[in-house]
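Taking it in order: structure first as structure tokens, then the write-up.
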């Protein structure tokens, strides 16, 4: 397969991708002789780094699909014609319907930026800080629910007291790419062990759940530590995070965190 001549027991991969991490994973896969047979992009309203993904995969436009049309019969027929063995989803944020999952004899594998079963759903980087749940990344199979499928492999990521939502997100990005590089050949060689998730111990958050923590009540009472965790978890410039209202105007809040001894060391150089 590809320029490397490598042969796996699972051959044809359909890639579902969005964002920079998907670009990184695509470049690595294609660079190692595993070009996908097709690419599914997020719908245009949430699409990120799409042109980079298209360039990285090296496929002509007829093999590029819009996630907004994924449930249409003509799209399903076009995907089936590619004879995909397995799917790989990297930060693709659309629900994949059972009729699409059924096209893949080896299933669809998802690379998730949370340490499942903790932080299923959206913004694992935020909730690992706010809830104090384990941070990490997971390679798992997709089933008919959200982030509940059997786990293939995981890797924990340390959350430091100086981490913000942005710095933790980038740590998780790097860990995702590393996990895929370490495990993907095992998946293609059908040499993985599936581990059922213990969902009773996990957590789940919807996209809009951050609305419950973003608005800071200036007259409210909250532990200082909890407030700092919210502020740092929602610090991700240029995006709006936490805020408060003052004299009819909204004031956005971001915080900067650093170790004092490191600052003193830098200032003395």
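The table below lists the values:
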item	result
Residue match in the range 56-67 (condition: under 27 Å from residue 182 (Cβ atoms) and either in contact (Cβ under 8 Å) with a residue 40 or more places away in the chain or not assigned by TED's automatic domain parsing to the domain that holds residue 151 (or both))	yes
Selection count, the range 165-221, where residues are surrounded by 12 or more Cβ atoms within 10 Å (Cβ to Cβ), part of a helix (DSSP H, G or I) and either outside the structural domain of residue 245 (by TED's automatic domain parsing) or within 21 Å of the chain's Cα centre (by Cα) (or both)	27
The range 63-74, residues that are in a helix (DSSP H, G or I) and over 10 Å from residue 16 (Cβ atoms)	63, 68, 69, 73, 74
Those residues of the range 111-133 which are under 18 Å from residue 194 (Cα atoms) and surrounded by 24 or more Cβ atoms within 10 Å (Cβ to Cβ), in sequence order	111, 112, 114, 116
Residue 247 surrounded by 11 or more Cβ atoms within 10 Å (Cβ to Cβ) and without any contact (Cβ under 8 Å) to a residue 24 or more places away in the chain	no
Which numbered condition residue 62 misses (of (1) touching a helix residue (DSSP H, G or I) at 6+ places or on another chain (Cβ under 8 Å); (2) surrounded by fewer than 14 Cβ atoms within 10 Å (Cβ to Cβ))	(1)
Complete set of residues in the range 95-107 that are out of contact with any helix residue (DSSP H, G or I) (no Cβ under 6 Å at 6 or more places or on another chain) and not in a helix (DSSP H, G or I)	95, 96, 97, 102, 104, 105, 106, 107
Selection count where residues are out of contact with any helix residue (DSSP H, G or I) (no Cβ under 8 Å at 6 or more places or on another chain) and in contact (Cβ under 8 Å) with a residue 40 or more places away in the chain, scope the range 176-192	7
The range 113-138, residues that are assigned to a loop (DSSP other than H, G, I, E, B), under 20 Å from residue 92 (Cα atoms) and without any contact (Cβ under 8 Å) to a residue 60 or more places away in the chain	114, 115, 135
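Listed here are the residues, each with its yes/no results for (1) surrounded by 14 or more Cβ atoms within 10 Å (Cβ to Cβ); (2) in a strand (DSSP E or B); (3) within 22 Å of the chain's Cα centre (by Cα).
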position: 11; (1), (2), (3): yes, no, no
position: 34; (1), (2), (3): yes, no, yes
position: 53; (1), (2), (3): yes, no, yes
position: 56; (1), (2), (3): yes, no, yes
position: 76; (1), (2), (3): yes, no, no
position: 83; (1), (2), (3): no, no, no
position: 88; (1), (2), (3): yes, yes, yes
position: 93; (1), (2), (3): yes, no, yes
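The values are calculated or read from the model by the stated rules, or taken from the named source; none is laboratory data. A quick note: this is a predicted structure, and the numbers were derived from the prediction, not measured. In this analysis, Cβ positions are derived from the backbone assuming ideal geometry, glycine residues included, and neighbour counts consider all displayed protein chains.
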